[in-house]
1. Tell me whether the chain comes out rounded, prolate or oblate; compute the Cα gyration tensor, take square roots of the eigenvalues as a ≥ b ≥ c, and use a/c under 1.5 as the rounded threshold.
2. Report, in debye and to the nearest 20, how large the dipole of the range 102-169 comes out about its Cα centre when Lys and Arg carry +1 and Asp and Glu carry -1 on their Cβ.
3. GNM, the chain, Cα, under 10 Å: largest mean-square fluctuation among Pro326, Pro54, Pro402?
4. Accessible area, 1.4 Å probe, largest first: how do Ser277, Ser370, Ser431 sort?
5. If you check each cysteine of the chain for another cysteine whose beta-carbon is under 4.7 Å away, which ones come up empty?
6. Rank Leu156, Met110, Thr125 by how far each Cα sits towards the positive end of the charge dipole of the range 13-158 (+1 on Lys, Arg Cβ; -1 on Asp, Glu Cβ) and give me just the farthest.
7. Using the charge dipole of the chain (Lys, Arg: +1 at Cβ; Asp, Glu: -1 at Cβ; taken about the Cα centre), state which of Ala199, Leu34, Ile173 has its Cα farthest towards the positive end.
8. Direction-averaged shadow area of the convex hull around the Cα atoms of the range 273-432, nm²?
Amino acid sequence: MQNNNSSFDLSLNLNVRGMPLSATLHINELSKKLKQQGKKVYLFGLGQSPFPVPTPVVEELQANAYQKDYLEVRGLKPLREAVADYHSKRNDIPQNAENVLIGPGSKELMFLLQFVYYGELVIPTPSWVSYAPQAKIIGRQVAWINTKEKNKWRVLPEELQKICNNDHYKPRILILNYPSNPTGVTYTCEELQDLAEVAREHRVILLSDEIYGELNFKGTHCSIARFYPEGTIISSGISKWCGAGGWRLGTFAFPESLSGLLSGMAAVASETFTSTSAPIQYAAIKAFKGGIEIERYLWNARKILKSLGLEIYKILNDGGIETPEPEGGFYLFLSFKKHSEKLKAKNINTSVDLTTRLLENTGVALLPGSVFGRPEDEFTARLSYVDFDGTRALAAAETTRPEDPLPNEFMNTYCSHMLEGIRTIVDWAKSI
Ligand SMILES: Cc1ncc(COP(=O)(O)O)c(C=O)c1O
């Protein structure tokens, strides 16, 4: 008799063996479990836009549901044109549709880039959870830039210089993400210009992850590609500013000088995912072309995120939990260092201990700082402020005049669960 329950002695790739699920997915599953047990949960670990996809983009998807053909591996030509146009207008540098690559999410494109390029990956700490695991899967070296809280966790030119001075000739890609996940902080044009000079001096390739660019609170996102066009790839997509994370569409815009990388990535794409979903590509044309309705959507989305982000920032900092002032996106990076002694006295010694205990005690889910590359024993954590009904909040914001701020009672009406969760964190930190 065959035993159907006997398991295989699987021979896993060594780079993947023992690798856990992505940190974000793990905390979400844990929070869902608590919710199912009937506990009140504050989902502040989730990194997803709270807003619906803008109506014109949804309508475009509906109209193109019948599109069934495999498309060109690099992406649909009119979409590549729209993306090239979008970047040309915003950055004041010509961008060519031939140098745009469309993929099923920018995350997948980043993986392909690391796979195709043989070099060291330079990333700041803290930075987004998936950059380093992707390098590990592929077997690439990672060099971390250990940014400082007092510099609002931003990379300074001298810090980049120091890494590059180690070996001027080493091929390197630096990923710079702004507005940042996990810190909510961005760079000024001048700061980007200084970083660009160092990158140019050492011929570092920049992957400029601008997926939150449209969610810069002032609507004044500046790309480093302006100052180092020949060495910068701009990464973007529709997941964050267009609320369409689950649609899975990301874009890379290359300079002509790096078109060899694009060709390599397209070759691998042709042997793996073939092309990005056809209806989604047709709909994304509308998103990148924009228009008055999408502008209005973005204006109000920024207005809500800015007001909420600043309010949370104030409550936390008043309560002794420090974070830099947010400038875009929907994240804050919390430092509990003022509470260090008390935490240690309660046998909380790492950021994982901190977030686990907080979740168990209060139902508030945050992500530990260690998954963003911070030292394990540093009391930091990422908070995302998207646990509210974005559809309702957006509809309400649209009834206000564009030049007016949101009314005083707005946050208490539409984001009360968020504010309650933030106060819960502060009370917990005080009570330990
Ligand atoms: C900083 C950053 N970059 C890239 C991505 C990947 O986005 P997508 O694959 O949905 O385009 C995310 C998603 O959470 C992110 O936060």
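The values are calculated or read from the model by the stated rules, or taken from the named source; none is laboratory data. Computed from a prediction, not measured in an experiment: that's the story for all the values here. Ideal geometry is used to build each Cβ from the backbone, glycine not excepted, and the neighbour counts take in all protein chains shown. Just the protein is used for accessible areas: all its heavy atoms, side chains included, with ligands, DNA and RNA removed. Shrake-Rupley method; radii C 1.70, N 1.55, O 1.52, S 1.80 Å.
1. Details: a/c = 1.31, a/b = 1.18, b/c = 1.11.
Note, shape of the chain comes out rounded.
2. 220 debye
3. Pro402
4. Result of the area sort, largest leading: Ser431, Ser277, Ser370.
5. Cysteines lacking a close Cβ partner in the chain: Cys164, Cys242, Cys415.
6. Thr125
7. Ranked along the dipole, the leading option is Leu34.
8. For the range 273-432, the mean projected area of the Cα convex hull comes to 12.2 nm².
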